[in-house]
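The values are calculated or read from the model by the stated rules, or taken from the named source; none is laboratory data. Everything numeric here is computed off the predicted structure, so don't read it as measured data. All Cβ positions, glycine included, derive from the backbone under ideal geometry; neighbour counts span all protein chains shown.
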Amino acid sequence: MQGYSLVAPAKINLYLEIIGAREDGYHELAMVMQSIDLADQIDITPNGSENIRVQCDNLEVPLDKTNLAYRAAELMAKEFPEQFAKLGGVDIKIHKRIPVAAGLAGGSTNAAAVLVGIDLLWKLGLTKVEIEELGATLGSDVPFCVAGGTAIATGRGEQLAEILGLDNIYIVLGKHLSLSVSTPWAYKTYRATYGDTYPQDNQSLTARASSVHSAPMIKAIVHKNAREISQLLHNDLEKVVLPEYAKVLELREAFASSGALGTMMSGSGPSVFGICESLEHAEKVKQQVRSSIPDEDLELFTTQTISQGIHLKSSI
Ligand code: C5P
């Protein structure tokens, strides 16, 4: 039987507001998520055995059950035992281009690709919403990665409302190779620092969540106005990550004085992005950041916004 090669794009957060604490221990969020064309490639093929096997060309990526892509395949085997018994396990090859532990949903998008790939391999005919629901059990960002494009994400990040796609806005992205930030640490620290400002009961949490803070950003996106989007970037997690990680702060400041239209840390970091007017402008911003931080450990990427999530590259 044939396999599939899938494209798994990264995401950035144009807007991330922490509303308060939820009863399930997570945070209630109001986010605007955006897919970018910096992507991993996931090759998924049946292996005729009872096993799920993961390979990756980046040694930092674990190949065992701690890898979200592995857990996605395990989930599919559990949810669809007949197909698993009939068709066997899968080999998953991850060609990594998205920086690891960067706030770019690299692990989540790999898991999303595995869900989509197994749906195709096993001819399950699941709807996008059904795949997103399965994804939500693996991680808060997985549903967005399935659908991709531009979306408002609420709840713990898994409830999505798609906005008209935002294509072709140039983005420069920076990430120190040797630096990673733990997402649970970032949220825990935020709670310890700002928890006393959270709504105290469920009713006030719902009331605060429904006063739409990201509305001006959504308007700017609908108008495809890169300048306005750049002015409205917001990420509450910067308040805990920037004071703790001097290199992220330095990178954020380098972007701020690079001539980029706007800059922000993505997710829980440590990646920082700058929005640019054109490819030419992006190359200038990249050079400017590079000359401010001539550290080989800093990786810089030129990428652009895209309006799709997981998609098929080819049959293999
Ligand atoms: O859902 P995911 O496993 O990606 O989340 C990673 C961690 O980030 C969670 O264990 C939690 O500590 C934190 N988190 C949170 N509130 C959210 C999403 C994530 O507190 N809405």
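Would the stretch 95-105 turn up any residue that is surrounded by fewer than 20 Cβ atoms within 10 Å (Cβ to Cβ), more than 15 Å from the chain's Cα centre (by Cα) and within 16 Å of the ligand (Cβ to nearest atom)? Among the residues of the stretch 95-105, not one is surrounded by fewer than 20 Cβ atoms within 10 Å (Cβ to Cβ), more than 15 Å from the chain's Cα centre (by Cα) and within 16 Å of the ligand (Cβ to nearest atom), which makes the answer no. The condition of being surrounded by fewer than 16 Cβ atoms within 10 Å (Cβ to Cβ) and outside the structural domain of P46 (by TED's automatic domain parsing) holds for K224. Being farther than 15 Å from A72 by Cα, without any contact (Cβ under 8 Å) to a residue 40 or more places away in the chain and not assigned by TED's automatic domain parsing to the domain that holds I221 is the requirement here; does V100 meet it? Against the criterion (farther than 15 Å from A72 by Cα, without any contact (Cβ under 8 Å) to a residue 40 or more places away in the chain and not assigned by TED's automatic domain parsing to the domain that holds I221), V100 does not qualify. Filter the stretch 236-245 down to the residues that are closer than 18 Å to A101 by Cβ and either free of Cβ contacts under 8 Å to residues at least 24 places away in the same chain or surrounded by 14 or more Cβ atoms within 10 Å (Cβ to Cβ) (or both) and list them by number. Of everything in the stretch 236-245, those that are closer than 18 Å to A101 by Cβ and either free of Cβ contacts under 8 Å to residues at least 24 places away in the same chain or surrounded by 14 or more Cβ atoms within 10 Å (Cβ to Cβ) (or both) turn out to be L237, E238, V240, V241, L242, Y245.
Exactly one residue out of A215, A256 is over 19 Å from the mean Cα position of the chain (by Cα), free of Cβ contacts under 8 Å to residues at least 40 places away in the same chain and within 15 Å of M31 (Cβ to Cβ): that is A215.
Given the criteria in contact with a strand residue (DSSP E or B) (Cβ under 6 Å, 6 or more places away or on another chain) and within 23 Å of S307 (Cβ to Cβ), does V172 qualify? Yes: the conditions hold for V172.
Matching residues to (1) under 19 Å from T154 (Cβ atoms); (2) without any contact (Cβ under 8 Å) to a residue 60 or more places away in the chain:
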residue	(1), (2)
P184	no, yes
S211	yes, yes
I221	yes, no
K224	no, yes
L251	no, no
L261	no, yes
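Annotation for the stretch 176-184: at least one member residue is surrounded by fewer than 16 Cβ atoms within 10 Å (Cβ to Cβ), over 30 Å from E283 (Cβ atoms) and under 18 Å from the mean Cα position of the chain (by Cα). All of (1) in a loop (DSSP other than H, G, I, E, B); (2) within 16 Å of the ligand (Cβ to nearest atom) hold for T193 with one exception: (1).
Condition check ((1) modelled with pLDDT of 95 or more; (2) within 23 Å of K175 (Cβ to Cβ); (3) more than 12 Å from the ligand (Cβ to nearest atom); (4) aromatic (F, W, Y)) across all residues:
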{"site": "M1", "(1), (2), (3), (4)": "no, no, yes, no"}
{"site": "A8", "(1), (2), (3), (4)": "yes, yes, yes, no"}
{"site": "N13", "(1), (2), (3), (4)": "yes, yes, no, no"}
{"site": "D24", "(1), (2), (3), (4)": "no, no, no, no"}
{"site": "S35", "(1), (2), (3), (4)": "yes, yes, yes, no"}
{"site": "Q41", "(1), (2), (3), (4)": "yes, yes, yes, no"}
{"site": "P46", "(1), (2), (3), (4)": "yes, no, yes, no"}
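State which residue is surrounded by the most Cβ atoms within 10 Å (Cβ to Cβ) when the search covers only the stretch 1-59 and only residues that are more than 19 Å from G139 (Cβ to Cβ) and among the hydroxyl-bearing types (S, T, Y). The qualifying residue surrounded by the most Cβ atoms within 10 Å (Cβ to Cβ) is Y15. Screening the candidates G135, G157 for the property of being within 15 Å of the ligand (Cβ to nearest atom), assigned by TED's automatic domain parsing to the domain that holds Y26 and under 24 Å from L312 (Cβ atoms) yields one hit, G135.
Picking from S230, S140, S180, which residue would you name as being within 16 Å of the ligand (Cβ to nearest atom), polar (S, T, N, Q) and touching a Gly at 6+ places or on another chain (Cβ under 7 Å)?
Details: S230 fails: within 16 Å of the ligand (Cβ to nearest atom); S180 fails: touching a Gly at 6+ places or on another chain (Cβ under 7 Å).
Only one candidate passes the filter, namely S140.
Looking at the structure I just gave you, is I218 β-branched (V, I, T) and either at pLDDT below 95 or part of a loop (DSSP other than H, G, I, E, B) (or both)? Against the criterion (β-branched (V, I, T) and either at pLDDT below 95 or part of a loop (DSSP other than H, G, I, E, B) (or both)), I218 qualifies. Evaluate the following for E162: is it modelled with pLDDT under 95 and either touching a Ser or Thr at 6+ places or on another chain (Cβ under 8 Å) or under 30 Å from D295 (Cβ atoms) (or both)? Considered against the rule, which asks whether it is modelled with pLDDT under 95 and either touching a Ser or Thr at 6+ places or on another chain (Cβ under 8 Å) or under 30 Å from D295 (Cβ atoms) (or both), E162 comes out as yes.
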